[in-house]
Amino acid sequence: GLRIGVLGLQGDFREHLHAVEALGASGVRIRRPSELAGLDGLIIPGGESTTIDKLSRTFGLREPLRELIQAGLPVYGSCAGMILLADEIADPATDLSGAPQQTFGGLDIMVRRNAFGRQRESFETDLEFKGLEFSATDDGIPPVHAVFIRGPWVERVGDGVEVLAQVEPSKIGHPEQLAGKARIVAVRSGKLLATSFHPEVTGEKRVHELFIRMIRGEA
Ligand code: GLN
C-alpha cells in the first residue's frame, strides 16, 4: 500500500492521517528527517504557517522537504500547507528581528494570508471542484463542501498551474473583501495540490482521493 507522510509539527495533522487511512493508505506522522524515507506522498496540514516554518527549521526538516518537493514528491498542502508550498506570499509575517516568514516553495503561486478577513474567522460554502470526475453521479459531480478557517487565497498563478476551484463573490458574507472578483482557492501543478480550505474536517474524502490518484499516476 501507499505510505503517505503528514507533516506533524503543528496543526491538524491528525485529521489528515485519519483521512488517508480511511482511503486505505498508511499515514505516517513526520517530525524528523529520518521519517521521510520511503514516502509515496506528503501532506502539509492546516495550522499556523509561521509556526510550521520555524519548527521545520528547528527539527532539520526544511532542507530535506525542499529537496523532496524539487525532486517531484507528490505533496498536498491544505490552508497553512498551501502557504508553505507557495513560492511567494503577498503579505508575509515578520518575526521580532524583522525577517519575513519563509515557505518551502515549489508551487508557482502567490498567496495572501487570512485573505477572507479576520472578523469572519471561518465560513463554509459549496464549490465546483475540477478533477473529481471519478465521483460523478447521474446528477453530475457533487460540489465540495469547503470550510475556510483564516485561509489564504491565491492571487497569482504561474504557467502550468491549473485552477481547480474558485469562490464567487456572492458566496461569502463580506463580498467587498472579494472586490467583486472570484478568488482562487484550489490549484494543481504537476504532482503538487493545494487548497485554501480544509476537506479533512468535513468528512469530504474526494480531495484526498484525488491526491492518492495523483500519486498513483491516475490523475
Ligand atoms: N492563517 C493561517 C496561516 O497563515 C492558516 C490558517 C489555517 O491553516 N487554518 O498560517
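Short-range pairs are left out: with C-alpha atoms under 8 Å and at least six residues apart, the relative contact order of the range 14-151 is 18 percent.
Note on the chain: with charges restricted to the Cβ of Lys and Arg (+1) and Asp and Glu (-1), its dipole about the Cα centre is near 540 debye.
Amide H contacts under 5 Å for Trp153: Arg112, Ala115, restricted to partners 5 or more places along the chain or on a different chain, H placed in the peptide plane at 1.01 Å from N.
For the range 3-216, the C-alpha radius of gyration sits at 0.96 times the compact-globule guess of 2.2 N^0.38 Å, with N the residue count. Summed over all non-identical Cα pairs, the Kirkwood treatment of the range 1-98 gives a radius of 13.7 Å.
How big is the gap, in Å, between the Cα center of the range 190-219 and the Cα center of the range 97-156? Spelled out, the Cα-based centre of one part sits 12 Å from the other.
Coordinate-derived values only; no laboratory data. Please read these numbers as outputs of a predicted model, since none were measured by experiment. When we count neighbours, we look across all protein chains shown, and the Cβ atoms used for this are built from the backbone with ideal geometry, even at glycine.
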